[in-house]
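*Asks:* Take this structure, written in structure tokens, and hold onto it; I'll ask about it next.
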Amino acid sequence: MTDSPTNLDSLRERIDSLDNEILRLISARAECAKQVAEVKTKSDPGAVFYRPEREAQVLRRIMELNPGPLNSEEMARLFREIMSACLALEQPTKVAYLGPEGTFTQQAALKHFGESAVSMPMAAIDEVFREVEAGAVNYGVVPVENSTEGVVSHTLDSFMDSSIRICGEVVLRIHHHLLVADTTLRDKVSRVYSHPQSLAQCRKWLDAHYPRAERVPVSSNAEAARMIKSEWHSAAIAGDMAAKLYGLEKVAEKIEDRPDNSTRFLIIGSQHVPMSGEDKTSIVVAMRNQPGALHDLLEPFHRHSIDLTRLETRPSRTGVWNYVFFIDFKGHVDEPRVAAVLEEVRLRASEVKVLGSYPVGVL
Ligand SMILES: O=C(O)C(=O)C[C@]1(C(=O)O)C=C[C@@H](O)C=C1
């Protein structure tokens, strides 16, 4: 196909002039964000700059107004980056995530905070909690549940003895690939490394394609990707970020057994997040060990027509908390009907802790 030069030149001229306009507008927006920072600091010297509810509203509005031809998610991602840069102008945001580099948790942190946040890998979930609690970072990102494998119990347990709050959630579609290094002998693969959850999520694919290969669980997919660089007979299961980070090749793409495989991550911090218009609340409840306890607990939610989105039971770690339930539901603690339900639950439970109300994940 040959480009008609006059046509191409005039289209590029139009793109240049549109870019000028976009540049002017983004700069004006950034100036506004700087002024927002001044207003926040004036009214409160310990002001918080990151406002999850406002960011969710901005992104939802953009998706609603988007005229195309770019799809709404694509458009929201562009605005995500603009807001990320604006927030960095107000205050550099430090985010700790469950590392090492190249994990899906890092991908989730990027998706939620954008490229301008400074993200720091931590070796374990409780380290992420500790860094946030100590104020060494502003926020943390930890996995909490996977659609195929269920709950990440370590994250739930970490909430039990912490004052950390949930400020947001982000859901990531998880695509696993079988990766090899340039030194790997592809027809001699006798070992496959990955995180135990990832091995489980690709179980059927491995049974069909590598039934005799030893499956070796390691601490993360990124660690699996790193390890195979020095082993000619090993492959790793990991995602795009790890493949890129370690320069690995994909032998097979999207090998997860379920195409809708996704993981939900929580954004943890210490602030109360106001209502965004579409919110969720997470609580942990301890009930006495008696018949009908679960029914008693759930009945007020049903009566007030509050949608439960998740219910998890964890063994109690103290004698007082016989049953511990983690409950997520639609709504915000500042809504009267939610406050009413919580009041009733408090009467029936031996302990109730609100972990936070936060915007339903947008992207
Ligand atoms: O509205 C605010 O509070 C802002 O700080 C501005 C802005 C934005 O760029 O739109 C930036 C950061 C906040 O997290 C939310 C929104």
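The values are calculated or read from the model by the stated rules, or taken from the named source; none is laboratory data. Please read these numbers as outputs of a predicted model, since none were measured by experiment. Cβ atoms come from the backbone with ideal geometry, glycine included; neighbour counts cover every protein chain shown.
*Asks:* Which numbered condition in (1) touching a residue at least 60 places away in the same chain (Cβ under 8 Å); (2) within 26 Å of GLY269 (Cα to Cα); (3) part of a helix (DSSP H, G or I) is the only one that GLU145 fails?
*Replies:* Failed condition: (3).
*Asks:* If you don't mind, there's one more thing I want to ask. Would you please list the contacts, defined by Cβ atoms under 6 Å and residues six or more apart or on different chains, that run from a residue in the range 20-37 that is in contact (Cβ under 8 Å) with a residue 12 or more places away in the chain to a residue that is within 11 Å of the ligand (Cβ to nearest atom)?
*Replies:* Note: pairs meeting the criteria are ALA30/CYS86; ALA30/LEU89; ALA33/CYS86; ALA33/LEU89; ALA33/GLU90; LYS34/LEU89; ALA37/GLU90.
*Asks:* Right, next: Can you name every residue in the range 195-218 that is closer than 28 Å to GLU73 by Cβ, at pLDDT 95 or above and outside any helix (DSSP H, G or I)?
*Replies:* Of everything in the range 195-218, just one residue is closer than 28 Å to GLU73 by Cβ, at pLDDT 95 or above and outside any helix (DSSP H, G or I), namely CYS202.
*Asks:* Between a first residue in the range 46-59 that is more than 15 Å from TYR358 (Cα to Cα) and of a type in the set (Gly, Ala, Ser) and a second residue that is in a helix (DSSP H, G or I) and more than 9 Å from the ligand (Cβ to nearest atom), which pairs have beta carbons less than 7 Å apart while being 6 or more apart in sequence or on different chains?
*Replies:* Pairs that qualify, where the first residue is more than 15 Å from TYR358 (Cα to Cα) and of a type in the set (Gly, Ala, Ser) and the partner is in a helix (DSSP H, G or I) and more than 9 Å from the ligand (Cβ to nearest atom), are ALA47/THR41.
*Asks:* Now a separate question. Considering only the range 33-58, how many residues are in a helix (DSSP H, G or I), among the hydrophobic types (A, V, I, L, M, F, W, C) and out of contact with any strand residue (DSSP E or B) (no Cβ under 9 Å at 6 or more places or on another chain)?
*Replies:* So the answer is 5.
*Asks:* For residues that are surrounded by fewer than 16 Cβ atoms within 10 Å (Cβ to Cβ) and closer than 24 Å to ILE166 by Cβ, scanning just the range 32-47, find the one that is farthest from the ligand (Cβ to nearest atom).
*Replies:* GLY46
*Asks:* Examine the range 90-101 for a residue that is within 16 Å of the ligand (Cβ to nearest atom) and in a helix (DSSP H, G or I), and state whether such a residue exists.
*Replies:* Scanning the range 90-101 turns up at least one residue that is within 16 Å of the ligand (Cβ to nearest atom) and in a helix (DSSP H, G or I).
*Asks:* For the condition more than 13 Å from the ligand (Cβ to nearest atom) and either of a type outside the set (A, V, I, L, M, F, W, C) or assigned to a helix (DSSP H, G or I) (or both), what is the one hit in ARG29, ARG12?
*Replies:* Exactly one residue qualifies, and that residue is ARG12.
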